[in-house]
Amino acid sequence: MAIDIKAPTFPESVAEGTVAAWHKKPGDSVERDELIVEIETDKVVLEVVAPEAGTLTDVMAEEGDTVESEQVLGKIGDASASSSKEDKSSDDANAKKSEEKSEEKSEEKDAEKKASGGNGGGKKHDVKAPSFPESIQEGTVATWHKKVGEAVKRDEVLADIETDKVVLEVVAPADGALAEIKAEEGSQVESEAILAIFAEGAGDEPATAADKPAESSADDGESDEKIGDKILAPAARKMAAEHDLDVAKIKGTGKGGRILKEDVQKAVKEGTAKKGAKAAAPSKEASATAPVTEGERIEKRVPMSRLRQTIAKRLVQAQQTAAMLTTYNEVDMTEIMALRAQYKDTFLKAHDIKLGFMGFFVKAASEALKRFPDVNASIDGTDIVYHGYQDIGVAVSTDRGLVVPVLRDTDSMKIADVERTIVDFGKRGREGKLGMDDMIGGTFTITNGGTFGSLMSTPIINPPQTAILGMHKIQDRPMAVNGKVEIRPMMYLALSYDHRMIDGKDAVRFLVTIKELLEDPARLLLDV
């Protein structure tokens with residue numbers, strides 16, 4: 001059977017190339033991966049190698065011809081056409097037959113296993129995605145924690161579904177095992193979509209001899225063999241043994257990284273898998289001519305998670321729709337730090353929670369929001385919605401990205417309640433267990449870049465809110481106090497606001513109010 005020799009896939013910026021040189025002519029025998037033809041583009045010269053061993057039978061694009069991406073350049077015929085390769089081809093064919101037979105057996109076993117729902121199994125259940133709230137259209141299958149056939153207990157987590165707000169867990173309906181996965185990782189699924197089929201009572205039972213994979217005995221000569229983490233085809237195993245090669249150094253190009261006879265041939269030819277040989281040891285000549293060893297320039301492309309997509313979309317939306325402006329001030333933290341140092345032990349003993357800074361900022365912001373209702377309002381179309389309560393979101397950094405759970409009615413919360421709730425948010429955020437109700441309906445947001453060392457930043461509004469407060473690192477700085485220079489613990493504050501809704505005068509006064517409340521905490525108690 002003839003095999004097409006195709007031009008490489010050109011980058012988007014390259015429309016076409018030119019056949020620069022054929023290194024083989026019709027009738028020539030070629031080995032797998034042997035250079036056959038070169039394609040010259042306006043940026044680089046690309047080499048085209050033989051996809052299989054055989055004989056070059058047709059040249060369909062002559063030297064000088066212009067070709068497009070993946071255009072067929074020629075054909076390679078059956079290797080048996082070359083008399084000099086008959087014996088070799090026969091060996092290859094037998095090896096391939098053996099490999100195909102082994103693969104067919106493996107596929108048949110998989111099919112049988114799938115059809116029977118794994119090892120045994122009783123009643124079948126559909127494993128469905130959770131019911132999403134109305135505001136969520138779909139989610140992404142983030143992780144399957146169990147494989148088909150792996151035993152699981154009832155209520156054990158099978159998979160995570162990531163929505164644009166939270167990660168939802170899908171648990172096992174009974175003791176048993178997954179019989180079939182219908183939505184692979186990365187798939188988009190709708191509310192209550194079927195993710196998998198689950199079989200009660202199924203699971204990993206002791207495998208029968210017929211179920212055992214490729215590590216069957218070597219004496220049958222027809223099955224794959226697993227050596228270390230490598231799987232070798234029979235012909236490859238035989239050749240590797242004949243040449244006394246270290247299979248760990250051979251790169252497999254077969255299905256699932258399986259090492260084929262061609263891989264061993266290549267290793268023998270290049271001498272890269274000799275036992276005891278240092279991997280890729282450069283020769284003296286090479287060292288002399290190539291003083292700098294260039295390593296592989298690794299790139300990794302991964303799809304953006306739904307949470308990250310949502311963060312990106314909302315941040316861009318905020319900047320495109322709001323007339324966003326930021327005003328800055330700084331606060332002397334001397335009094336707050338003194339208060340904290342004086343009462344931190346007593347506070348811990350009384351409330352079983354550490355006294356942090358965030359509680360003071362939340363209380364100060366609550367008081368300022370009451371005095372400046374515009375900052376606590378939101379825009380809905382052409383309407384302004386004034387909120388008669390203060391629900392303050394606090395930005396929490398997690399491995400999956402930034403989330404903003406909301407403290408409810410902060411005006412009525414005590415500082416201990418604020419600190420305890422924030423600790424709980426942080427813990428559940430890191431575990432991916434924050435719910436939808438935790439993160440909706442905020443009227444104002446506080447973000448603290450200071451925990452990461454930020455000295456100054458410009459926070460972005462969290463729509464439909466109209467303002468956000470940014471806290472930063474506390475840093476000792478020289479300040480003029482009563483005509484003297486003193487070193488004070490200072491923090492820059494930033495307030496980003498929607499100028500469509502909030503006038504600059506109110507924004508500045510709002511921030512000054514927070515500064516005054518923090519620099520004189522007694523004002524929080526006296527409401528002045």
Subset of region 110-129, residues in a loop (DSSP other than H, G, I, E, B), open to solvent by less than 30 Å² (accessible area, probe 1.4 Å) and at pLDDT 60 or above, comes to A129
Restricting attention to region 439-457, does a residue exist that is assigned to a strand (DSSP E or B) and not polar (S, T, N, Q)? yes
Take region 130-157 and flag every residue that is open to solvent by 60 Å² or more (accessible area, probe 1.4 Å), out of contact with any helix residue (DSSP H, G or I) (no Cβ under 9 Å at 6 or more places or on another chain) and at pLDDT 80 or above. H145, K147, K153, R154, D155, E156
Kindly list, by first and then second residue, each pair from a residue in region 451-468 that is without any contact (Cβ under 8 Å) to a residue 60 or more places away in the chain to a residue that is assigned to a helix (DSSP H, G or I), limited to pairs with Cβ atoms under 6 Å and residues at least 6 apart or on different chains. S457/G449
Would you point out the residue of region 250-266, among those that are outside any loop (DSSP other than H, G, I, E, B), of a type outside the set (G, A, S) and within 16 Å of E225 (Cα to Cα), that is nearest to the chain's Cα centre (by Cα)? K255
State which residue is surrounded by the most Cβ atoms within 10 Å (Cβ to Cβ) when the search covers only region 419-438 and only residues that are in a helix (DSSP H, G or I) and without any contact (Cβ under 8 Å) to a residue 24 or more places away in the chain. T421
Could you tell me how many of the residues in region 345-359 are in a helix (DSSP H, G or I) and either of a type in the set (F, W, Y) or under 11 Å from A416 (Cα atoms) (or both)? 6
Out of the strands (runs of 3 or more DSSP E) lying entirely within region 158-199, which hold 2 or more residues that are crowded, with 20+ Cβ neighbours inside 10 Å? 167-171, 176-181
Which numbered condition in (1) open to solvent by 90 Å² or more (accessible area, probe 1.4 Å); (2) modelled with pLDDT under 75; (3) more than 34 Å from the chain's Cα centre (by Cα) is the only one that K269 fails? (2)
Residue within region 492-510 that is assigned to a strand (DSSP E or B), of a type in the set (D, E, K, R), open to solvent by less than 50 Å² (accessible area, probe 1.4 Å) and more than 30 Å from A338 (Cβ to Cβ) present: yes
One residue from I461, I487, I474 being surrounded by 13 or more Cβ atoms within 10 Å (Cβ to Cβ) and farther than 26 Å from K354 by Cα: I461
Taking the stated definitions as given, is A416 over 29 Å from M501 (Cα atoms), among the hydrophobic types (A, V, I, L, M, F, W, C) and surrounded by 15 or more Cβ atoms within 10 Å (Cβ to Cβ)? yes
Run A323 past the list (1) touching a strand residue (DSSP E or B) at 6+ places or on another chain (Cβ under 8 Å); (2) modelled with pLDDT under 95; (3) farther than 24 Å from F444 by Cα and report the number of the one that doesn't hold. (3)
Scan of region 372-383 for residues that are more than 10 Å from D506 (Cβ to Cβ) and either surrounded by 14 or more Cβ atoms within 10 Å (Cβ to Cβ) or among the acidic types (D, E) (or both), ordered by number: N376, A377, S378, I379, D380, D383
If we scan region 384-403, do we find a residue that is out of contact with any Asp or Glu (no Cβ under 6 Å at 6 or more places or on another chain), open to solvent by less than 70 Å² (accessible area, probe 1.4 Å), over 19 Å from M471 (Cα atoms) and not in a strand (DSSP E or B)? yes
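The values are calculated or read from the model by the stated rules, or taken from the named source; none is laboratory data. All values reported here derive from a predicted model rather than from experimental measurement. Here Cβ is always computed from backbone atoms with ideal geometry, including for glycine, and neighbour counts include all displayed protein chains. Only protein heavy atoms, including side chains, enter the accessible area calculation; ligands, DNA and RNA are left aside. Shrake-Rupley method; radii C 1.70, N 1.55, O 1.52, S 1.80 Å.
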